[in-house]
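The values are calculated or read from the model by the stated rules, or taken from the named source; none is laboratory data. Note that the structure is a prediction, hence the values are computed from the model and not measured. For neighbour counting, all protein chains shown are included, and Cβ atoms are generated from backbone atoms with ideal geometry for every residue, glycine included. These accessible areas exclude ligands, DNA and RNA; they are computed on the full protein's heavy atoms, side chains included. Shrake-Rupley method; radii C 1.70, N 1.55, O 1.52, S 1.80 Å.
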Amino acid sequence: MDEDMIREGADEKLVNDAFQRLLDSYSASRHRQKVDIITKAFNFAKQAHKGVRRLSGEPYIMHPIAVAQIACEEVGLGSTSICAALLHDVVEDTDYTVDDLSNIFGPKIAQIVDGLTKISGGIFGEQASAQAENFKKLLLTMSEDIRVILIKICDRLHNMRTLESQPANKQYKIAGETLYIYAPLAHRLGLNKVKSELENLSFQYEHPEEYAAIKDKLKNTEVQRHELFDQFTEPIEASLKEMGIKYEIRERVKTPYSIWTKMQNKHVSFEEIYDILAVRIIFTPDQREDEINECFKIYVAISKIYKSHPDRLRDWLSHPKANGYQALHVTLMSKQGRWIEVQIRSDRMNEVAEQGFAAHWKYKDGEQAEFSEDENELNDWLRTIKEILDDPQPDAMDFLDAIKLNLFASEIFVFTPKGEIKTMPTGCTALDFAFSIHTFLGSHCIGAKVNHKLVPLSHKLESGDQIEILTSKSQHVQPAWINFVSSAKAKAKIQAILRRNSREIQKKGEQLLKEFLEKNQIECTLNIVDQLASFHEVYTREKFYQAVGEKTILLGEKDLDELLGKNSGKKGWRKLVPFLGRSKQKTPAEQEKQELFTVPEKFNRKKPIFISEETIGQYQFKHCCHPIPGDDILGYIDNKNQIEIHKRACPVADKLKSGFGNRILDAKWDMHKKLFFDATVRIQGIDRMGILVDVSRVITSQMNVNIHKLTIGSDDGLFDGSIELRVHDREDTKSIMDELKKIEGIQEITQIM
């Protein structure tokens, strides 16, 4: 009994201290002080969750308090949002209803809690269509009140911070979902700090070894980074003091996740990344209206000290990014021979960069309202999201991809013929621009004039281009268009039109098939359709109908022979065997598939599966990422209850974690260097006599590894080639790459797959 009382007392102190910290943060903010309603919400939630604990063992109420703390301190939201954050799990986890909350706290708080309840439990359920529906709910609720998604992001951030109490398969699901949806949403809403932390936490759980290695390297290079920073900023500080500017200079270090992403994308080592350090100049202007001029004054002053890179001046002052970000970026050559990016921004711009849209309304003249409706860029973005939501996608993952395109796109600015400015995603084409103005314009687009020069539909636009779209009534949407458009809106519209056209052609094909069979007194059943489809080597009915409708398959005598050859009469067609595809001899790989492990009903998904020499044949290894021992991997239970193995960083696995999180398993290697796997290494460098001999000597004699295939080409004194090796694991590959680096003339070595 005494122990229980001591524990209760400790819990009470823990909860009250956390709530007091929340009140202190709120009191220090610029919002109207509505402490009473926040205290009322806290007491209500505390009572509702009484006696419930989280997996970590702490009282459940600590989670809503933590979410409210993030909403207040890190996102800058006010009392309505803080109350909604404190109450966000009450409707889902207790007997209270939304109506109860509306009566006690008013309709606004109740509406936000209702929005949060609809999208609770992670975005995704068990079925793909249900997941897409859930995500649609999230976006629709968000377009009614943006605070719903802001609080949901705070909720996800706290779940990520306390993820260690979850089993590994849950960690991969939650981390994958976070990287795929929540980090892009935070980015789109300008929550830069939150986005970075979500990415880093996901990275830490998915690739713990790589995360630890990069953290160590950042720690080991900290002293020389500080020295470089001090030497570089010393003359800048002297110049700013002379100008009488109130300023602060900060060191910005790239996050482990962004370093790792760059290492993967550019195939470079940690040591080869030059922009790990950036410098941030944050100043307080004398008058708000002068802040843009002051940014340029600072730029002129520092470019007198250091030479600036002519192609790397980024001006987001006059035209902020779509998420509200404003700053001037300039890249300067330091005295140590390193390019260093300097970001110049006012204190207001800095707050908007860190806290996104939530910070906008803090600076409304004399107004301390919690939310402002006139954020044009945000409303434009939500309008595009709504357009995509209006057109139902048949495939849930296609739908998520379309939204994702819209989330992470960086922007360029282009002009209409009348000189109006439009924000478009980087890498967009003339056709994207046409669809962004109107679907009709996009559907009938035949080309464009960019800066008064005629260009094709696929022409990529650049910032500052002026575009005039050329149309023709005889032009219609082409299937090839989907391959070069890059904006979510254009992709969604083209797919919708193609699907509509496809349905019409399929109906026509179905009708032609019925007429053909009736004419030959054959009953049209699904078995007959499947048999004919199989005969023409088309493996779905829809594609078969489409081919008949497009007349790429012409029905005739050979089809009758195929049907009549297998049946003596023209009746009893229902007895035909259902379509199973054409019979052919099984390959060894297919025979091996018969022995694949099938997941039983009462399978413990929390425990890891171990892949050893004895069990490796029981799992499917997918070609999308080609995992070999030493890679960070996970398992995925497919529709046949068999297990696929993917690398955790594989793009297909990203979708599976987001879309089918409940089917993810933790997988570990238990290999003992007995089996061989394929690994491909790319080598580039300066050609010389005998380099190939040196390469093969190092691999075969020194490392005792079998070269499976070697492809190499030389041009203008440079060579580029790839070597397919048979190795035991990633460790072997790394050792070979380390040895190859020592060969004279080899400049770059990268691992493919």
| said: So if each residue of separation counts as 0.36 nm, and I subtract the Cα-Cα distance between Glu234 and Lys215, what length gain in nm does that give? | reply: 4.1 nm
| said: Sorting check: for 637-643, 649-655, which peptide has the highest mean count of neighbouring beta carbons within 10 Å, and how do the rest follow? | reply: 649-655, 637-643
| query | Cross-link list Lys40/Lys108; Lys304/Lys422; Lys453/Lys473; Lys262/Lys647; Lys152/Lys607: which exceed 24 angstrom alpha carbon to alpha carbon? | reply | Lys304/Lys422; Lys152/Lys607
| Rg and Dmax of region 406-547, Cα atoms, in Å? | 20.7, 66
| field | 1.4 Å probe accessible area per residue over region 253-314, in Å² | value | 56
| When we measure straight from the Cα of Lys297, which lysines land under 18 angstrom away, once same-chain ones fewer than 8 places off are left out? | Lys241, Lys246, Lys307
| task | Place the peptides 501-510, 233-242, 624-633, 39-48 in order of packing, highest mean first, counting for every residue the other Cβ atoms within 10 Å and averaging per peptide. | result | 624-633, 39-48, 501-510, 233-242
| note | Rg/Rh over Cα atoms for region 1-81, Kirkwood Rh, comes to 1.01
| note | Rounded to a whole number, the Stokes-Einstein D of region 186-230 in µm²/s (Kirkwood radius over Cα pairs; 37 °C; 0.692 mPa s) is 270
| task | Please calculate how many Å² of accessible area region 21-76 carries per residue, with a 1.4 Å probe and no DNA, RNA or ligand atoms counted. | result | 47
| query | Using the C-alpha atoms of region 189-272, what convex hull volume per residue, in cubic angstrom, is computed? | reply | 133
